[in-house]
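Read through the structure below, which is laid out as structure tokens, and then see the notes.
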Amino acid sequence: MADIYDPAFVKGVFDRCSGKYIAFSLICSFGFTERWRKQCVADLPEPTTPNPVGYDLMAGTGEIWPHLLQRFPDLASITAVDISSGMHQRALERLHRHRAHRIAFIEDDVLASNLPAQSADFVVSTFGLKTFNAEQHAKLAELIAQSLRPGGVFSLIDASDPKGWLLRPLYLFHLKVVLPLVERLFLAGAQDFTMIGTYSTNFGDASAFGDMLRAEGLEVEFKRCFFGCATLVAGRKPA
Ligand SMILES: C[S@@+](CC[C@H](N)C(=O)[O-])C[C@H]1O[C@@H](n2cnc3c(N)ncnc32)[C@H](O)[C@@H]1O
């Protein structure tokens with residue numbers, strides 16, 4: 001059986017999804033993914049330096065960039081990191097519309113990318129946590145902590161399992177039955193979007209990842225969005 005957390009496996013899933021990813025995520029989440037990207041940027045603590053530079057990890061096609069550039073008009077640069085060539089290709093097409101001179105793209109496995117120590121004023125990531133297992137989360141927490149400058153800020157959000165919510169069965173039905181059906185009927189794909197549902201329910205929520213960031217010495221706030229359908233961790237590296 002395939003290891004669904006093997007970076008090569010994850011890359012394959014997103015390479016195949018990339019053409020329809022933006023439309024699928026917007027429509028099938030009823031617009032919530034876009035709302036949560038905005039929330040991720042809104043909850044990023046204020047950077048301490050003017051003209052901040054930073055990373056968008058598991059950037060996809062750069063869905064978060066317009067929100068970042070809107071909140072921080074003086075932002076100097078975003079370096080996007082993503083493992084998927086398909087997502088990279090689509091990101092390049094979007095770069096021109098979102099001030100390409102301020103955005104660089106690294107196509108790589110983030111955990112193998114050796115981002116330079118203390119190179120970022122901010123780190124953001126939207127929906128990029130769930131395709132990692134616990135061991136990979138620990139490496140990611142370490143990477144974020146070491147790549148941030150003292151005083152640097154971070155905010156990461158992902159879809160989560162809203163345990164305890166009255167409507168959780170309906171949410172899981174949407175994730176595990178409706179979305180696979182949509183993919184089978186309309187996308188004729190290899191059930192790649194269906195994998196996103198599997199990753200989301202395996203992930204649980206971002207609280208354990210928040211603890212890993214705390215263990216790396218970061219100040220962390222954990223937040224549940226819309227009854228826990230998404231969870232967010234945001235905070236700062238002490239100055
Ligand atoms: C659900 S998409 C999220 C894309 C985008 N950030 C958004 O807001 O929609 C997850 C992304 O994480 C990327 N990814 C998964 N594992 C990765 C890894 N080890 N290194 C870099 N990127 C990775 C995938 O290629 C995919 O583009």
Lone unmet requirement of (1) more than 9 Å from the ligand (Cβ to nearest atom); (2) part of a helix (DSSP H, G or I); (3) out of contact with any His (no Cβ under 7 Å at 6 or more places or on another chain); (4) within 21 Å of ALA159 (Cβ to Cβ) for LEU111:
(1)
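Counting only residues that are more than 8 Å from the ligand (Cβ to nearest atom) and part of a loop (DSSP other than H, G, I, E, B), which one in region 51-75 is farthest from SER119 (Cα to Cα)?
Here is the first cut: in region 51-75, the ones more than 8 Å from the ligand (Cβ to nearest atom) are 51-55, 65-75.
Filter once more, so that each one left must be part of a loop (DSSP other than H, G, I, E, B): 51-52, 72-75.
Working: ASN51: 13, PRO52: 10, PHE72: 18, PRO73: 20, ASP74: 18, LEU75: 14 Å.
Ranking the candidates gives PRO73 first.
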Here, helices (runs of 4 or more DSSP H) confined to region 127-239 with at least 1 residues that are among the charged types (D, E, K, R) and in contact with a strand residue (DSSP E or B) (Cβ under 8 Å, 6 or more places away or on another chain) are 207-215
Across (1) in a loop (DSSP other than H, G, I, E, B); (2) polar (S, T, N, Q); (3) surrounded by 13 or more Cβ atoms within 10 Å (Cβ to Cβ), GLN89 clears everything bar (1)
Among the residues in region 91-108, are any within 23 Å of MET195 (Cβ to Cβ), more than 11 Å from the ligand (Cβ to nearest atom) and not acidic (Asp, Glu)?
no
Taking the conditions exactly as written (in contact with an Asp or Glu (Cβ under 8 Å, 6 or more places away or on another chain) and assigned to a loop (DSSP other than H, G, I, E, B)), does PRO47 satisfy them or not?
yes
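Every read-out reported here was derived from the displayed coordinates using simple, explicitly stated rules and does not represent laboratory data. Owing to the predicted nature of the structure, the values given are computational and were not obtained by experimental measurement. Ideal geometry is used to build each Cβ from the backbone, glycine not excepted, and the neighbour counts take in all protein chains shown.
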